[in-house]
Structures are given as C-alpha cells and as structure tokens.
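Notes follow once the structure below has been shown.
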Amino acid sequence: MAAEPVWSVDPRTGKPRERVGTESTAADVDRAVRAAHQVREALADRTVRAAFLRTAADLLDGAGERIVGTADAETALGPVRLTGELARTTAQLRAFAEVVEEGSFLDVRIDLPDPGATPPRPDMRRWKIPLGVVAVYAASNFPLAFSVPGGDTASALAAGCPVVVKGHPDHPATSELCASLLRGAAAKTGLPEDVVVLVHGFDAGVELVRHPLVAAAGFTGSVRG
C-alpha cells in the first residue's frame, strides 16, 4: 500500500487547502497499534484516567476557537453548530471521568469463602477489565462528537483501553488538531501519548480492524465502511 498525501479540502470549492500528511501504510498501522498496545497498562489507575479525560476536555475547550475555525474550513458546518458540538464533546469527556471515578461500571462481585459449605466455597472475586486496543472510526458529519475526541474514544479510554483512531478524510486537519490535544492531555497527566494514536486512509482502516492486537472497534459510518 503506497502512501498518498492527505489534504484538507475546502468544502465550498472542493479544492485542497493544505497538505495535512500522508495516508497510513500497513506498516504505519501496525506501528500505531503496537505502540498503543504497549502502553495499555498505563491506563490502569482510574484516578489518572479521570484526570486525563478532564484535562483533555479542558485543552479542547481552551483551543475552541482554533478547533471550530479548522472544522468549519473543512466542513462548512458553521461556527454555531460546531461550537455546540464542541461543548457536547467536552461534556462527554467530563461525564465519562465521573463514571470512571464512581466505579460501578466495574460490576464488582465478591463471594466470601465458606469452608463449611458443601462443597466448600473458595474466595471468588470478579470485575470487568479493559479489552485492549480499541479502533475508532471517525464519522463524516460530526467532526468532533463522533470523531477523534468523540464518545467512542472517550468511552474506550474511560474503560482503560488505548485508542487508535482512523480519521475521516472530510476533516483530516481537525482530526490532527484534536489528536494532538488528546496526546497533550495524556502527557500532562503523566500518561504516554500513545494511549491515543491517529491514522489516515480507507485501506488503513481495513488494516486496523484486521490487526490481531485490536480487541474492539467502534464506528458510525456507511454500509461500505
């Protein structure tokens, strides 16, 4: 799979505005998934996870003008719509931080030992653990709330799963900007930046979901997708 350039496209003219990067090759996808897989244990601390999600929300809000401007230039959805979508996106991140701290999602079950039972019952404890690397596929019509920093990403990170996002070709610059902010939030809270990794390209999306270290995938998209 040869690397192809990724362009930010002006939706009003259909012409490329700026070169964002290149489409990810199979080797790029493999490196991205393995990088995320290697840092999965860093998300084990729920207190750190909650702080990460809140910091991500704060950084996104702080860069709101730039995010909205970039997304509008790529999608022409308009500042009013995109400002509201950004607020929804950061609210999702903060809501998942509260869920992480509250902890009932772990569904903890404790059966204490009873040596007098027939047969004797051992100490049995059960709780939910993270699956592993989650692939997230960004939607075309929601460049924020269902894209790089959206609900699928937030829920996976809240569960303790690192994320590899396949950015949507309709808003690559927005995807790059949001990914950089999420990675910055990870660094600010003492986490490896590779808890969130971004790749580009349709073929890269296929390689991603086929990768043996990808445990789950979330997407909103087309029948072809």
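We did not get these values from a lab; they are worked out from the coordinates using the rules stated. If you're wondering where the values come from, they're calculated on a predicted model, not measured in any experiment. A quick note on method: Cβ atoms are made from the backbone with ideal geometry, for glycine too, and the neighbour counts reach across all protein chains shown.
Points to keep in mind about this one:
- Approximate spin-label separation residue 180-residue 213, in nm, with each point projected 7 Å along Cα-to-Cβ: 2.5
- A Förster distance of 22 Å, applied to the separation of the beta-carbon atoms of residue 131 and residue 187, puts the FRET efficiency at 0.35.
- In the chain, excluding the sites themselves, the longest stretch lacking any of the trypsin sites (Lys or Arg not before Pro) that are in a DSSP loop with at most 14 other Cβ atoms within 10 Å is 13-127.
- Backbone N within region 112-156 under 18 Å of label point (7 Å from residue 30 Cα along the Cβ vector): none
- Per-residue ellipticity at 222 nm, computed for the chain from helices alone with -39500 (n - 2.57) per DSSP H run of at least four residues, works out to -14500 deg cm²/dmol.
- Among 198-207, 136-145, the order from most to least packed when residues are scored by Cβ within 10 Å on average: 136-145, 198-207
- The chain - convex hull of alpha carbons, volume per residue in Å³: 135
- Placing unit charges on the Cβ atoms only, positive for Lys and Arg and negative for Asp and Glu, gives region 21-219 a dipole magnitude near 440 debye about its Cα centre.
- Backbone HN-Hα couplings from phi across region 131-147 [Karplus 6.51/-1.76/1.60, Hz, Gly and Pro as x]: 6, x, 5, 10, 8, 10, 10, 6, 8, 6, 8, 10, x, 10, 5, 10, 10
- Relative contact order [Cα under 8 Å, 6+ residues apart], the chain, whole percent: 28
- Interchain or long-range residues, amide H under 5 Å from residue 6's placed H: 20, 21, 22, 23
- Inter-probe distance in nm under a simple model that places probes 7 Å from Cα toward Cβ, at residue 110 and residue 81: 5.1
- Amide H partners (placed H, <5 Å) of residue 199, local residues excluded: 165, 166, 167
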